[in-house]
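The values are calculated or read from the model by the stated rules, or taken from the named source; none is laboratory data. All figures in this text were calculated on a predicted structure; none of them were measured in a lab. Glycine gets a Cβ as well: all are built from the backbone with ideal geometry, and neighbour counts include every protein chain shown.
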Amino acid sequence: MSCETLSTRKEEYGGHEPPFEERVEEGSFSLDTQRSFHHDKSQMRYFVKPEQSPNFDLRDGYNDRYIRRDENVKKNLEHILHWILANKSNLMQKAATSFALDDFDFVTSRGRLTNVLCTPYEALTEWSLAVTKFKGVIYINQVETDSARQDRQNRTESHDENIYWGYKFEQYICADNIDGLPDSSGVVNSNEAFYSVVRTRLSDHRLLFSGEVDCRDKDPNALAPPACYLELKTSGQMHTDKQRSKFHSAPGVVVL
């Protein structure tokens with residue numbers, strides 16, 4: 001058995017960027033209030049631009065209207081596998097004209113790709129991946145490391161509240177349907193989510209992966225998915241250009 005290593009020295013990645021194809025959306029799915037899979041767009045939300053100087057109370061509902069996802073339950077790869085099964089006949093039909101599942105080298109989630117590709121720049125962050133090869137396709141799943149588990153279990157109440165702020169922020173500026181308005185009076189349930197499934201190519205590697213989507217542009221003339229999707233971010237007050245560039249350099253990121 002041979003063993004290969006991947007350097008984490010960022011100096012070794014200073015050459016030309018490998019070719020990266022534009023992502024193409026192949027489907028989507030939703031996770032409900034119990035984090036169960038649904039092959040639909042029921043959890044899609046739509047961005048509604050707030051007033052110029054909104055007065056959002058991000059603490060509202062933290063103590064009485066917040067349902068937290070059970071972080072002890074890990075289903076990182078399970079949901080995209082459900083999507084593959086739901087689209088099995090489609091994938092087989094496309095085999096002759098477009099693509100089939102065995103046309104891919106890797107099936108995973110966007111977060112796992114982020115773990116690997118950011119390693120030279122996040123050298124202190126540990127990660128562990130479980131890799132399975134089945135019928136020529138490599139499936140990559142996350143395994144929580146001991147240090148990550150300890151960090152999660154030892155989080156302070158203040159840290160947990162900061163996480164809630166992000167969910168609450170989304171509630172203030174997202175509507176459940178294209179003609180609706182945000183409703184900040186409801187329950188924040190972190191189990192609920194909408195995912196896009198996309199294909200792309202990085203150099204010679206063909207990828208199929210899922211990624212959570214915060215919301216989409218409600219303009220009927222907006223670009224087709226995934227270009228119409230928006231990533232919402234909250235941050236403390238930014239004082240430097242470097243802090244601001246982290247947000248504004250990423251496509252589809254909304255910063256208020």
Of the residues that make up the range 82-104, is at least one surrounded by 12 or more Cβ atoms within 10 Å (Cβ to Cβ) and closer than 30 Å to residue 14 by Cβ? yes
Do we find that residue 61 is surrounded by 10 or more Cβ atoms within 10 Å (Cβ to Cβ) and assigned to a strand (DSSP E or B) in this structure? no
Just to verify a result, which residue in the range 106-164, among those that are surrounded by fewer than 14 Cβ atoms within 10 Å (Cβ to Cβ) and small (Gly, Ala, Ser), is modelled with the lowest pLDDT? 123
Counted residues, the range 108-124 - those being over 18 Å from residue 212 (Cβ atoms), in contact with a Ser or Thr (Cβ under 7 Å, 6 or more places away or on another chain) and among the hydroxyl-bearing types (Ser, Thr, Tyr): 1
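Can you tell me which residue among 115, 162, 141 is of a type in the set (S, T, N, Q) and within 30 Å of residue 57 (Cα to Cα)? Quick ask: steps written out before the conclusion?
Numbers: 115 fails: within 30 Å of residue 57 (Cα to Cα); 141 fails: within 30 Å of residue 57 (Cα to Cα).
Exactly one of 115, 162, 141 is of a type in the set (S, T, N, Q) and within 30 Å of residue 57 (Cα to Cα), namely 162.
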Filter the range 124-138 for residues that are in contact with a helix residue (DSSP H, G or I) (Cβ under 8 Å, 6 or more places away or on another chain) and in contact (Cβ under 8 Å) with a residue 24 or more places away in the chain and give the result. 135, 136, 137
Picking from 22, 26, the residue that is under 22 Å from the mean Cα position of the chain (by Cα), under 23 Å from residue 204 (Cβ atoms) and exposed (fewer than 10 other Cβ atoms within 10 Å of the Cβ) would be 22
Looking at the range 71-94 only, could you name the residues that are touching a residue at least 24 places away in the same chain (Cβ under 8 Å) and not in a helix (DSSP H, G or I)? 71, 73, 74, 75, 76, 77, 87
With 223, 181 as the choices, which residue is modelled with pLDDT of 95 or more and farther than 30 Å from residue 72 by Cα? 181
The correct count of residues that are farther than 16 Å from residue 229 by Cα, assigned to a loop (DSSP other than H, G, I, E, B) and not small (Gly, Ala, Ser) in the range 178-215 is 8
